[in-house]
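Trainee: The structure that follows is given in the form of structure tokens.
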Amino acid sequence: MAPVLSRSLATASLASLPSSSSPFTPRNNHQRPFALSTSFLPQNGLTRNAFSCAGLKWKLKRRNNKMAVRCDAAVAEKEDATDAPGEKFEYQAEVSRLLDLIVHSLYSHKEVFLRELVSNASDALDKLRFLSVTEPSLLGDGGELEIRIKPDPDNGTITITDTGIGMTKEELIDCLGTIAQSGTSKFLKALKENKDLGADNGLIGQFGVGFYSAFLVAERVIVSTKSPRSDKQYVWEAVADSSSYTIREETDPEKLLRRGTQITLFLRSDDKYEFSEPTRIQSLVKNYSQFVSFPIYTWQEKSRTVELVAFEFRLLFGFQCILVEEEEEPKEGEEPKAEGEQKKTKKTKTEKYWDWELANETKPLWMRNPKDLQKEEYNEFYKKTFNEFLEPLAYTHFTTEGEVEFRSILYVPGMGPLNNEEVINPKTKNIRLYVKRVFISDDFDGELFPRYLSFVKGVVDSDDLPLNVSREILQESRIVRIMRKRLVRKAFDMIQDISESENKEDYKKFWENFGRFLKLGCIEDTGNHKRITPLLRFYTSKSEEELKSLDDYVENMGENQKAIYYLATDSLKSAKSAPFLEKLVQKDIEVLYLIEPIDEVAIQNLQTYKEKKFVDISKEDLELGDEDEVKERETKQEYNLLCDWIKQQLGDKVAKVQISKRLSSSPCVLVSGKFGWSANMERLMKAQALGDTASLEFMRGRRILEVNPDHPIVKDLNAACKNAPDSDDAKRAVDLLYDTALISSGFTPDSPAELGNKIYEMMALALGGRWGRSEEEAEANASVEADAITNESFEAEIVEPSEVRAENDPWTTD
């Protein structure tokens, strides 16, 4: 037998372990402590004096109302050794501290208290409706199934009344007195055991802590409830930050209920003015509980127009009501009418009164069959839900079943965002998430829709979403990813339907408002390129007035065309006149115009479409597919000396000089390297507010000057490099040619003023004496210039300000 080694590890004094006297013992028969549901607590196998766990032996000893714990580690025990039976304990909790955590740590916003309490009331009504099928007597004379909310600004209270199932005294203790125990969950469990769950699956509660959200805004809560299964009505009362509550029988006849539950919240001083305001309560109901299946009435102030009446008191006949009538006075310039023709008007006034108003009149359209709905109903629902005044461009209504089940209605708005902040900000309030028709949240950061589809508006309702206990946060899980994937696919199907509709104006309007969103999707969502690319639209060299799809472009390509050519510029006008297009237009090759800042990055992320590569015609090594290699070789040999001479003159400004394949009418063009930024991209990066100069120099890449051998200027320079390579005029012409190519190719000159002086100098040489300017004027201008130069050579006399005095200077002293 192996030796047994033991070592004393720890001895701890536990003063807080439960003893026979609990701090939450009731003080009287009616006051009870809160209890903690044991369903949340793990069970340990404990013996009376010892227990073991993970190979450790723990011994317990009680000393002066304290407990000492001794732990021994055992090695190589007998395999057949059995642990001694242990004494079982249950965790205890400080109830006031636990309530404080539930109230102040679970919820992000105080206003959700109303959502939780209305959801509880809805569950009570649902239970009554279900049970009344087999027990019609439960309905009795309790009235309609409804919820009424009455705020009282004067007293700082809110009263929520429902005509649901109510609670008996035992149910009050069990449901409200036990934290984290859900009465709805127990009810669903009972239905499941009886195999009747399918009869009612609209119940909302699941965690058992929603009721305690009332203490977010209330310092005292009173619950008065009457169950149809009990003859008595009971009142449950608790104060915030307390570990106990009281239950008593209601004896006041004026406060008796026929059936249901009435919750009265006594608001805290700092929340009294906000949440006791009737309009605030109504807005919260419309936001969170708009689609609860039972009517919700709120107590609101209204106004009406009434006719003024005069009362004449008579002793014999009491009050006599006489309408006060007033004759209409004639206007200026009109003669007064006769007595019989005068029109009599009645005086009216507007008076205010209080009455119940239905707050959830809008019905959950997504719960109905799409076949039973009309387009007008979808449009009206869209306008009410999202406070829009324009009708949507399109909508889709669908139900998803399988691994995750949910219902949804998605809309494409009729107008895009007015600023770019909504494009770059993934957090929008366009998707409203509901669980069993109760609003959960509209604050998402890409969980349900990617940023580039954030313009899509709609509602999503599911019964089994993975929510946290506060029902405010959608937890990341496989179910959420599946839901996101299906929502995105449905959104693309809806947009595709717009593009294929007979009314082309609809998609044109869509593209004007949301085209940049889809281009952003090319950058951020590589997995959906196949869905995004057919929806893109661009102007082209053959379609400068109407946008064209990539499908139409590929369909119109020539047989020898192997790529999709594009040019990125800052405007449509500059794209039309760009020198890069000359040879392609001559050969009837269509070119895409990328005129928006995001276009070039989007196309570069696509790379290919239908096995056709995207090629930038402003970069080097452009292959058009029908070049004459023999002629190119001869031309290159003929102008090889010119290219070397121009490169020598320009130095580091260009990487190399070569013969161009893309020019027909321009003398030269400046192209970018294959792996560097284009002129358009360089312009965009320079405009960045937080741009890095070092990275700009690195990514700018090399510039290549391509010359057109058929242009007269190039031919003259070719002769100059052979006959007068040191000519100053030829060198100035090369510098000006480079600067001009820099501008026409879309680049920005480093010194615009220097370029301007070069142009002025060339203009002076070209225009001098061309229109017969007289020699006298020329000599006069020359003398003026000479005098100016002479005057500049003399030093100016410096006169001190103190020596210059006027005769009437008031500051002079005698």
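The values are calculated or read from the model by the stated rules, or taken from the named source; none is laboratory data. The model shown is predicted, which means the values in this text are computed figures rather than measured ones. Cβ placement follows ideal geometry from the backbone for every residue including glycine, while neighbour counts extend to all protein chains displayed. All accessible areas refer to the heavy atoms of the entire protein, side chains included, with ligands and DNA or RNA removed. Shrake-Rupley method; radii C 1.70, N 1.55, O 1.52, S 1.80 Å.
Trainee: Regarding the stretch 346-360, can at least one residue be identified that is more than 23 Å from residue 126 (Cβ to Cβ), modelled with pLDDT under 80 and assigned to a loop (DSSP other than H, G, I, E, B)?
Mentor: So far as the stretch 346-360 goes, yes, one or more of its residues are more than 23 Å from residue 126 (Cβ to Cβ), modelled with pLDDT under 80 and assigned to a loop (DSSP other than H, G, I, E, B).
Trainee: Now, a different point. If you check residue 662 against the conditions, is it of a type in the set (D, E, K, R) and without any contact (Cβ under 8 Å) to a residue 12 or more places away in the chain?
Mentor: Details: of a type in the set (D, E, K, R): yes; without any contact (Cβ under 8 Å) to a residue 12 or more places away in the chain: no.
No.
Trainee: Could you please find all residues in the stretch 740-757 being more than 15 Å from residue 654 (Cα to Cα), open to solvent by 40 Å² or more (accessible area, probe 1.4 Å) and outside any helix (DSSP H, G or I)?
Mentor: First, the residues of the stretch 740-757 that are more than 15 Å from residue 654 (Cα to Cα): 744, 746, 751-757.
Subset that is open to solvent by 40 Å² or more (accessible area, probe 1.4 Å): 744, 751-754, 757.
Of everything in the stretch 740-757, just one residue is more than 15 Å from residue 654 (Cα to Cα), open to solvent by 40 Å² or more (accessible area, probe 1.4 Å) and outside any helix (DSSP H, G or I), namely 751.
Trainee: Having 3 or more residues that are modelled with pLDDT of 90 or more and closer than 24 Å to residue 489 by Cβ is the bar; report the strands (runs of 3 or more DSSP E) wholly within the stretch 366-477 that clear it. Before the answer, list the steps.
Mentor: On the way: elements: 394-400, 406-412, 431-435, 438-441, 457-462.
Here the list reads 394-400, 406-412, 457-462.
Trainee: Starting from residues that are part of a helix (DSSP H, G or I) and of a type in the set (D, E, K, R), keep the ones in the stretch 516-531 and report whichever is surrounded by the most Cβ atoms within 10 Å (Cβ to Cβ).
Mentor: Of the stretch 516-531, the ones part of a helix (DSSP H, G or I) are 516-524, 526-531.
Pick out the ones that are also of a type in the set (D, E, K, R) and you get 516, 519, 524, 530-531.
On the way: 516: 20, 519: 24, 524: 14, 530: 9, 531: 18.
Filtering the stretch 516-531 for residues that are part of a helix (DSSP H, G or I) and of a type in the set (D, E, K, R), the one surrounded by the most Cβ atoms within 10 Å (Cβ to Cβ) comes out as 519.
Trainee: Identify, from the list 144, 170, 116, the residue that is assigned to a helix (DSSP H, G or I) and open to solvent by 60 Å² or more (accessible area, probe 1.4 Å). Reasoning before the result, please.
Mentor: Values: 144 fails: assigned to a helix (DSSP H, G or I); 116 fails: open to solvent by 60 Å² or more (accessible area, probe 1.4 Å).
Within the list 144, 170, 116, the selection yields 170.
Trainee: Turning to a different aspect of this structure: Here's a check for you: in the stretch 582-609, which residue that is free of Cβ contacts under 8 Å to residues at least 60 places away in the same chain and not hydrophobic (A, V, I, L, M, F, W, C) is surrounded by the most Cβ atoms within 10 Å (Cβ to Cβ)?
Mentor: Residues of the stretch 582-609 that are free of Cβ contacts under 8 Å to residues at least 60 places away in the same chain, as a first pass: 585, 587-593, 595, 604, 607-608.
Imposing the further condition that a residue be not hydrophobic (A, V, I, L, M, F, W, C) reduces the set to 587-588, 590, 593, 604, 607-608.
On the way: 587: 14, 588: 10, 590: 19, 593: 24, 604: 16, 607: 10, 608: 12.
Checking each candidate, the answer is 593.
Trainee: Does residue 339 count as open to solvent by 50 Å² or more (accessible area, probe 1.4 Å) and modelled with pLDDT under 85? Before you say what the answer is, go through the steps one by one.
Mentor: Details: open to solvent by 50 Å² or more (accessible area, probe 1.4 Å): yes; modelled with pLDDT under 85: yes.
Yes: the conditions hold for residue 339.
Trainee: Filter the stretch 654-676 down to the residues that are among the hydrophobic types (A, V, I, L, M, F, W, C), at pLDDT 85 or above and either under 15 Å from residue 621 (Cα atoms) or not in a loop (DSSP other than H, G, I, E, B) (or both) and list them by number.
Mentor: First, pick out the residues of the stretch 654-676 that are among the hydrophobic types (A, V, I, L, M, F, W, C): 654-655, 657, 659, 663, 668-671, 675.
From the residues that got through so far, the ones that are at pLDDT 85 or above too are 654-655, 657, 659, 663, 668-671.
Within the stretch 654-676, 655, 657, 659, 663, 668, 669, 670, 671 meet the criteria.
Trainee: Before we move on, is residue 559 over 21 Å from residue 596 (Cα atoms), surrounded by fewer than 18 Cβ atoms within 10 Å (Cβ to Cβ) and in the same structural domain as residue 591 (by the TED database)?
Mentor: Details: over 21 Å from residue 596 (Cα atoms): yes; surrounded by fewer than 18 Cβ atoms within 10 Å (Cβ to Cβ): yes; in the same structural domain as residue 591 (by the TED database): yes.
For residue 559, the condition - over 21 Å from residue 596 (Cα atoms), surrounded by fewer than 18 Cβ atoms within 10 Å (Cβ to Cβ) and in the same structural domain as residue 591 (by the TED database) - is met.
Trainee: Can I ask one more? Checking residue 479 against (1) more than 20 Å from the chain's Cα centre (by Cα); (2) surrounded by 14 or more Cβ atoms within 10 Å (Cβ to Cβ); (3) not assigned by the TED database to the domain that holds residue 406: exactly one of these is not met. Which one?
Mentor: Residue 479 satisfies every listed condition except (3).
Trainee: Identify the residue in the stretch 725-739 that is charged (D, E, K, R) and assigned to a helix (DSSP H, G or I) and, among all such residues, is surrounded by the most Cβ atoms within 10 Å (Cβ to Cβ).
Mentor: The first filter runs over the stretch 725-739 and keeps only residues charged (D, E, K, R), leaving 726, 728-729, 731-732, 735, 739.
Now narrow it down to the ones that are assigned to a helix (DSSP H, G or I): 728-729, 731-732, 735, 739.
Details: 728: 8, 729: 11, 731: 15, 732: 15, 735: 15, 739: 22.
Among those that are charged (D, E, K, R) and assigned to a helix (DSSP H, G or I), it is 739.
Trainee: Additional query: Taking the stretch 351-371 as the region of interest, how many residues are within 26 Å of residue 400 (Cα to Cα) and open to solvent by 100 Å² or more (accessible area, probe 1.4 Å)?
Mentor: Number of matching residues: 2.
Trainee: Looking at this structure, is residue 292 more than 31 Å from the chain's Cα centre (by Cα) and of a type in the set (Val, Ile, Thr)?
Mentor: Judged against the criteria, residue 292 is not a match.
Trainee: A further question on this structure: Filter the stretch 706-720 for residues that are in contact with a Ser or Thr (Cβ under 9 Å, 6 or more places away or on another chain) and open to solvent by less than 40 Å² (accessible area, probe 1.4 Å) and give the result. Reasoning before the result, please.
Mentor: We begin by selecting, within the stretch 706-720, every residue in contact with a Ser or Thr (Cβ under 9 Å, 6 or more places away or on another chain); these are 706-711, 720.
The answer is 706, 707, 708, 709, 711, 720.
Trainee: Got a sec? Which of 220, 248 is in a strand (DSSP E or B), open to solvent by 10 Å² or more (accessible area, probe 1.4 Å) and within 19 Å of residue 156 (Cβ to Cβ)?
Mentor: Working: 248 fails: within 19 Å of residue 156 (Cβ to Cβ).
When all the criteria are applied, what remains is 220.
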